[in-house]
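Handing you a structure now.
The values are calculated or read from the model by the stated rules, or taken from the named source; none is laboratory data. As the structure is a prediction and not an experimental result, all values here were calculated from the model. When we count neighbours, we look across all protein chains shown, and the Cβ atoms used for this are built from the backbone with ideal geometry, even at glycine. SASA here: full protein model, heavy atoms, side chains in, ligands and nucleic acids out. Shrake-Rupley method; radii C 1.70, N 1.55, O 1.52, S 1.80 Å.
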Amino acid sequence: MATMYNLFKFIEDKKPQYKTPFKVKFIYAPETLTKEELNVRGDLYLYNTPIQSLPDNLKVEDNLILPSTPIQSLPNDLKVGGDLNLYNTPIQSLPNDLKVGGFLNLQNTPLSKKYTKEEIKAMVPGVKGKIYL
């Protein structure tokens, strides 16, 4: 689906007033994101998208919604002001510097089968809300 990004990029190159949508850049060409774009205001809703990774130093003001994506790990220095939902993903690890202001949903993931809530809380002390396994 990188062709979707290529289509938007082609349009932007021809008509600079038409910018490539943030979500298209985020999913298909995260290396093109600027430092400012890594500070997401509001929610970042990526449910059932092909996203496999997130860029380092990502900050999401509210909720980060990633259920049913192929994501296996999270980047360093990820900060989520609200909830982090990883339901039904193949997530294999969590960075110890992860910050989550709300709940962390790990239901139906390899981590939910491998660890207890207490073990997750000890591994990732930056989770302020409940942990759902």
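Heavy-atom accessible area of Asp62 with all protein chains present, probe 1.4 Å, nearest 10 Å²?
That residue has around 60 Å² of solvent-accessible surface.
For a Förster distance of 41 Å, can you work out the FRET efficiency between the beta-carbons of Lys113 and Lys14, rounded to the nearest 0.05? Walk me through the numbers before you get to the answer.
Details: r = 50 Å, r/R0 = 1.21.
Approximately 0.25, to the nearest 0.05.
With +1 on each Lys and Arg Cβ and -1 on each Asp and Glu Cβ, how big is the dipole of the chain about its Cα centre, in debye rounded to the nearest 20? Each step should come with its number before you reach the end.
Working: 17 positive and 14 negative charges, 33 e Å.
Roughly 160 debye for the chain.
Sticking with this structure for a sec: Counting alpha carbon pairs within less than 8 Å and at least 6 residues apart, what relative contact order, in whole percent, applies to the chain?
Details: 295 pairs, mean separation 20.3, N = 133.
Contact order relative to length: 15 percent.
Name the residues whose placed amide hydrogens come within less than 5 Å of the amide hydrogen of Val127, ignoring near sequence neighbours (fewer than 5 apart) on the same chain.
Here the answer is Val100, since their amide H atoms fall under 5 Å of that of Val127.
Would you work out what percent of the accessible area of segment 1-123, with all protein chains in place, is carbon or sulfur (probe 1.4 Å)? Can you show the working numbers first?
On the way: 3570 of 6950 Å².
Using a 1.4 Å probe with all protein chains present, segment 1-123 comes out at 51 percent carbon and sulfur.
Once the Cα gyration tensor of the chain is diagonalised, what are the square roots of 5 times its eigenvalues, in whole Å and ordered largest first, as equivalent ellipsoid semi-axes? Display every interim value, and only then the final one.
Values: eigenvalues 178, 45, 24 Å².
The equivalent ellipsoid of the chain has semi-axes of 30, 15, 11 Å.
Ordered by residue, what ³J(HN,Hα) values in Hz, to whole numbers, does segment 112-119 give under the Karplus form 6.51 cos²θ - 1.76 cosθ + 1.60, where θ = phi - 60° and Gly and Pro are x?
Couplings: 5, 8, 9, 10, 8, 4, 5, 5 Hz.
On a full-extension model of 0.36 nm per residue, what is the gain between Glu61 and Met123, subtracting their alpha-carbon distance, rounded to one decimal in nm?
Contour length minus Cα-Cα distance gives 20.0 nm.
So, one more: Heavy-atom accessible area per residue, the chain, 1.4 Å probe: how many Å²?
Numbers: 7520 Å² over 133 residues.
Dividing the accessible area of the chain by its residue count gives 57 Å².
Return a single number: how many Lys pairs in segment 1-62, at a sequence separation of 8 or more or on separate chains, have alpha-carbon atoms below 22 angstrom apart.
Eligible lysine pairs with Cα atoms under 22 Å apart amount to 15.
On full extension of the chain, what length is gained from Asn6 through Arg41, given 0.36 nm per residue of separation minus the C-alpha to C-alpha distance? Present the calculation step by step, with values, prior to reporting the outcome.
Details: separation 35, 0.36 × 35 = 12.60 nm, distance 2.53 nm.
So the extension gain works out to 10.1 nm.
Separate question: From the phi of every residue in segment 32-38, what ³J(HN,Hα) in whole Hz does the Karplus formula 6.51 cos²θ - 1.76 cosθ + 1.60 yield, where θ is phi - 60° and glycine or proline is x?
Per residue, the Karplus-derived 3J(HN,Hα) values read 8, 5, 7, 4, 5, 5, 7 Hz.
Ok, one more. I need the fraction of alpha carbon pairs in segment 46-87 separated by more than 12 Å, rounded to a whole percent. Intermediate values should be presented prior to the final figure.
Values: 490 of 861 pairs.
Of the Cα pairs, 57 percent sit more than 12 Å apart.
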